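Everything on this sheet refers to the single structure shown next.
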Amino acid sequence: MSRQVRRPVAGLVLFPGAGSSSTHPSLVAIEERLAPLPVARVDFPYRRAGRRAPDRAPVLVAAVVEAVQQMAADLGRSTEQLVIGGRSMGGRMCSMAVAEGLPAAGLVLMSYPLHPPGKPTQLRTEHLPLVRVPCLFVSGTKDAFGTPDELRAAHAMVAGPVTAVWVEGAGHDLKRADVAIAEAVGAFIGPR
């Protein structure tokens, strides 16, 4: 069942996965789909510094908080009027920031990395019960970072309402699904 975020949404802040940048095609597709809604595609500091290896989670979460607060200030709005999220690690860091108290209108989590490939007991779910905002999860049915059944169990841990969109046959990269992803995010955010 689809649940939209509360109105008004003033903007969207998106972060890439660990191995990509803010120019990732699905992030660009989302920005184009949501125009004229303001969308910020933000690289993590390690990427801006030219490093390939991500920083530890506290540094990444702090970067999320800083970028979201900056966009809110630029728009003259509250962070509670922004939807935040991203691909894989980027989305996970956004969910951790919200769990730690960053106010947001909702979360958009594409290819949520539930566990490392081949290590289903190393779940990254400790913070999910603290997430109380509407969440959109867009996942491939063949994602090595979490099967549909594993992800459904994780969705049930989230305190806020969850919308799940499945891309049939897609892996973690969600190849060739940019339009479907952008449409799912557009439906989640709703009319402006």
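Taken together, the values in this text are just the output of simple stated rules run on the coordinates, not laboratory data. What you are looking at is a predicted structure, and each value in this text was computed from that prediction instead of being measured. Heads up, the Cβs are rebuilt from the backbone with ideal geometry, glycines too, and the neighbour counts pull from every protein chain shown.
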Where in the range 44-151 are there strands (runs of 3 or more DSSP E), lying fully within it, with 3 or more residues that are of a type outside the set (A, V, I, L, M) and under 15 Å from the mean Cα position of the chain (by Cα)? 82-87, 135-140
Would you confirm whether or not the range 106-129 contains a residue that is over 17 Å from L151 (Cα atoms) and crowded, with 19+ Cβ neighbours inside 10 Å? yes
Tell me which of these A72 doesn't satisfy, since it passes every other one: (1) in contact with a helix residue (DSSP H, G or I) (Cβ under 6 Å, 6 or more places away or on another chain); (2) crowded, with 21+ Cβ neighbours inside 10 Å; (3) within 20 Å of V133 (Cα to Cα). (2)
Across the range 75-105, which residue is nearest to T23 (Cα to Cα) among those that are buried (at least 16 other Cβ atoms within 10 Å of the Cβ) and among the charged types (D, E, K, R)? R87
Restricting attention to the range 152-176, and to residues there that are part of a loop (DSSP other than H, G, I, E, B) and free of Cβ contacts under 8 Å to residues at least 12 places away in the same chain, which single residue is nearest to M89 (Cα to Cα)? K175
Does the range 56-64 contain at least one residue that is among the small types (G, A, S) and closer than 19 Å to I189 by Cβ? no
The correct count of residues that are surrounded by fewer than 16 Cβ atoms within 10 Å (Cβ to Cβ) and either in contact with a helix residue (DSSP H, G or I) (Cβ under 8 Å, 6 or more places away or on another chain) or of a type in the set (S, T, Y) (or both) in the range 26-36 is 1
Limited to the range 11-30, what total is found for residues that are assigned to a loop (DSSP other than H, G, I, E, B) and either on the phi > 0 side of the Ramachandran plot or of a type in the set (A, V, I, L, M) (or both)? 1
Could you grab me the full set of residues in the range 31-43 that are more than 14 Å from the chain's Cα centre (by Cα) and assigned to a loop (DSSP other than H, G, I, E, B)? A35, P36, L37, P38
Taking the stated definitions as given, is V179 assigned to a helix (DSSP H, G or I), within 22 Å of I30 (Cβ to Cβ) and more than 15 Å from the chain's Cα centre (by Cα)? yes
